[in-house]
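Bear in mind these aren't lab numbers, they're just calculated from the coordinates by the rules spelled out. It should be emphasised that the depicted structure is a prediction, and the values quoted were computed from it without experimental measurement. Here Cβ is always computed from backbone atoms with ideal geometry, including for glycine, and neighbour counts include all displayed protein chains.
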There are 2 protein chains.
Amino acid sequence: MRNEKPTILITNDDGVTAPGIAALIEVAKQFGRVVVVAPDAPQSGMGHAITIGKPLRLHPVHLFGEIEAYQCSGTPVDCVKLAVDKVLHKKPDFCFSGINHGSNSSINIIYSGTMSAAMEASIEKIPAIGFSYLDYSFDADFSLSQQVAAEVIHAMMHGKLPAKGLYNVNIPQIPIKKYKGIKVCRQANAKWKESFVERVDPHGKKYFWLTGEFQNLDKGKDTDVWALEHQYASVVPVQYDLTDYELLNAIQL
Amino acid sequence: MRNEKPTILITNDDGVTAPGIAALIEVAKQFGRVVVVAPDAPQSGMGHAITIGKPLRLHPVHLFGEIEAYQCSGTPVDCVKLAVDKVLHKKPDFCFSGINHGSNSSINIIYSGTMSAAMEASIEKIPAIGFSYLDYSFDADFSLSQQVAAEVIHAMMHGKLPAKGLYNVNIPQIPIKKYKGIKVCRQANAKWKESFVERVDPHGKKYFWLTGEFQNLDKGKDTDVWALEHQYASVVPVQYDLTDYELLNAIQL
């Protein structure tokens, strides 16, 4: 570690006004100089979307006391790109995303704007962590999440969690006194079973709402879903080489 | 293979009116019964985004002769979900996405709506392939792409390409006579170097356009970028377990 305070970029996908990002800023500012660039509106489920066909807006906001903060009209990934190129004019030392209101464990990582923002930072070789709390509600109690975030950030800043990595951290929705600690895990094999709700609008036309049921297909005790169901916070190290090497070696075309 | 014709779901991210999807339908209908569910507007760069906060619309379109086709107001991933639940009322036997106008090789897969649609099908255990042609233009000549698509689909339907897999197929922008064949590859380690273009609107307010330069950081001759630069079509087998197992085994918390 250098002696000067590290620069920490904070973003999320629930938008700059979500309580989860305020909770994360409170933790992160103990570790360095925090700069916030987050979406100006909720962007849940945006995955790794970027904005190509329209321009982006960026406005300063005064929401977090002395902390330099901006809202951006784009996606979580846009926020990271814009922060590096136009706000910081350099790469931050760390990028933390969240705290998401809702789980990003297992297959949820694929759909998650929170984790995609952290992944975008990681593609830029910025040490990155996404934090998600299993409580979806707006007025969720983030105290356990903050405790876990502080623990994980401390581990990364002191070399116990390799800084070259990208991490998907999920925090169980349990009373603090039941919390058992952190487990390093693999991503559980799970999926959503879709069922769209069909309705008819006042003009007589059909529309559909996406709903679904989470299905864990994985019996392993080394997964993030298992850890979260057993009062642990889960930490999954993440990579973005999507090559299926097993299949690659098996194919003879 | 069963004796009856397989059901093939076709989608894309450039929208139902893009020439690339028409080119893919022309190929796919030789292999089975084709049903099309595609976005009603371009959705490039949407990644694995899903639509949570607003309802979806689905309308039949008559664009491809006798082929059953729908346009959907959602993302490419929404299209696949809606097709399975509300159009086909079952899983199709195959899902093909594209032909995308532009490359989805290497890191582009992360941002790609085309590949995310195919991945969504794969999560549902539907054999899936995404096709992308390196020519971004609207009036691109898809004849080489169609030849490659026919070859890859034939390989999958006849067991040479394991049907359990998900594949990212990219086609080089070269004259057909220079085409050397298909190479099975890994995803190249590459990134985009962002540079936002800053402008001022007629009301005096700043806005930004995302632009960038593709940077291949990978010297390997076994990558998709290498294959495409050497007149091959690239086929990368893809998976969606993002766990970094190397790091997982190295962490001692």
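Which one, B:62, B:237, B:113, projects farthest toward the positive side of the charge dipole computed for chain B from Cβ point charges (K/R +1, D/E -1)? Highest projection toward the positive end goes to B:237. Taking only the C-alpha atoms of the stretch B:111-194, Rg followed by Dmax gives 13.8, 42 Å.
The phi-based Karplus calculation (6.51 cos²θ - 1.76 cosθ + 1.60; θ = phi - 60°) puts the 3J(HN,Hα) values of the stretch B:52-63 at 10, x, 9, x, 10, 10, 9, 10, x, 10, 10, 10 Hz, whole numbers, x for Gly and Pro. Magnitude of the charge dipole for the stretch A:27-93, about its Cα centre and with charges confined to Cβ atoms of Lys, Arg (+1) and Asp, Glu (-1), is about 140 debye. Estimated purely from DSSP H runs of n ≥ 4, each contributing -39500 (n - 2.57), the mean residue ellipticity at 222 nm for the protein assembly as shown is -6500 deg cm²/dmol once divided by its residues. If R0 is taken as 30 Å, the Cβ-Cβ distance between residue A:88 and residue A:147 corresponds to a FRET efficiency of 0.60. Taking 0.36 nm per residue of separation and subtracting the Cα-Cα distance, full extension of the segment from residue A:215 to residue A:137 would add 26.0 nm. Using Cα pairs under 8 angstrom and six or more residues apart, how large is the relative contact order of chain A, in percent? After rounding, I find 17 percent. Would you mind estimating how fast the stretch A:1-137 diffuses translationally, via Stokes-Einstein at 4 °C and 1.567 mPa s with the Kirkwood radius over Cα pairs, in µm²/s? Here the translational diffusion coefficient equals 90 µm²/s. Taking one quarter of the surface of the C-alpha convex hull of the protein assembly as shown gives a mean projected area of 25.0 nm².
At 7 angstrom along the Cα-to-beta-carbon line, where would the label on residue B:202 sit relative to the other copies? Give the distances in nm, shortest first. So the distances to the same position in the other copies read 3.3 nm. Note on the stretch B:167-253: Kirkwood hydrodynamic radius from all Cα pairs is 16.3 Å, rounded to one decimal. Using a cut-off of 29 Å between Cα atoms, the listed pairs B:91/B:191; A:191/B:183; A:86/A:164 include B:91/B:191; A:191/B:183 as exceeding that distance. The residues neighbouring residue A:69, those whose beta-carbon lies less than 14 Å from its own, together hold a net charge of -2 under the Lys/Arg +1, Asp/Glu -1 convention. Relative contact order of the stretch B:1-127: 33 percent, from C-alpha pairs under 8 Å at least 6 residues apart in sequence.
Distances, shortest first, from the label point of residue A:160 to those at the same position in the other copies read 5.4 nm; the point lies 7 Å along Cα to C-beta.
Given R0 = 51 Å, the distance between the Cβ atoms of residue B:173 and residue A:61 translates into a calculated FRET efficiency of 0.70. In the protein assembly as shown, taking the dipole from charged Cβ atoms about the Cα centre, the farthest positive-side position among B:150, A:47, B:162 is held by B:162. For the protein assembly as shown, a crude dipole built from +1 on the beta carbon of Lys and Arg and -1 on the beta carbon of Asp and Glu, taken about the Cα centre, is about 460 debye to the nearest 20.
Take the Cα of residue B:4, step 7 Å toward its Cβ, do the same at residue A:203, and the gap between the two points is 3.8 nm. Remark: label point of residue A:179 defined 7 Å out from Cα along the Cα-Cβ vector; separations to the same position in other copies 5.7 nm, ascending.
Under the classification rounded if a/c is under 1.5, otherwise prolate if a/b is larger than b/c and oblate if not, where does the stretch B:201-250 fall, given a ≥ b ≥ c as square roots of the Cα gyration tensor eigenvalues? Since a/c reaches 1.5 but b/c is at least a/b, the shape of the stretch B:201-250 is classed as oblate. Positive-end ranking of B:189, B:129, B:212 along the dipole of the stretch B:86-212, with charges on Cβ about the Cα centre, is headed by B:189. Kirkwood Rh over Cα pairs of chain A into Stokes-Einstein at 37 °C, 0.692 mPa s: D in µm²/s? In µm²/s, the coefficient is 174. When N is the residue count of the stretch B:10-59, what does its C-alpha Rg come to as a fraction of 2.2 N^0.38 Å? Here the Cα radius of gyration is 1.26 times the empirical estimate.
Shielding value for B:159-165 is 3, the average number of Cβ atoms from other chains within 10 Å of each residue's Cβ.
Each Lys and Arg adds +1 at its Cβ and each Asp and Glu adds -1 at its Cβ; summed about the Cα centre, chain A shows a dipole of about 340 debye. Across the stretch A:32-87, the mean sequence separation of Cα contacts (distance under 8 Å, 6 or more residues apart), normalised by length, yields a relative contact order of 45 percent.
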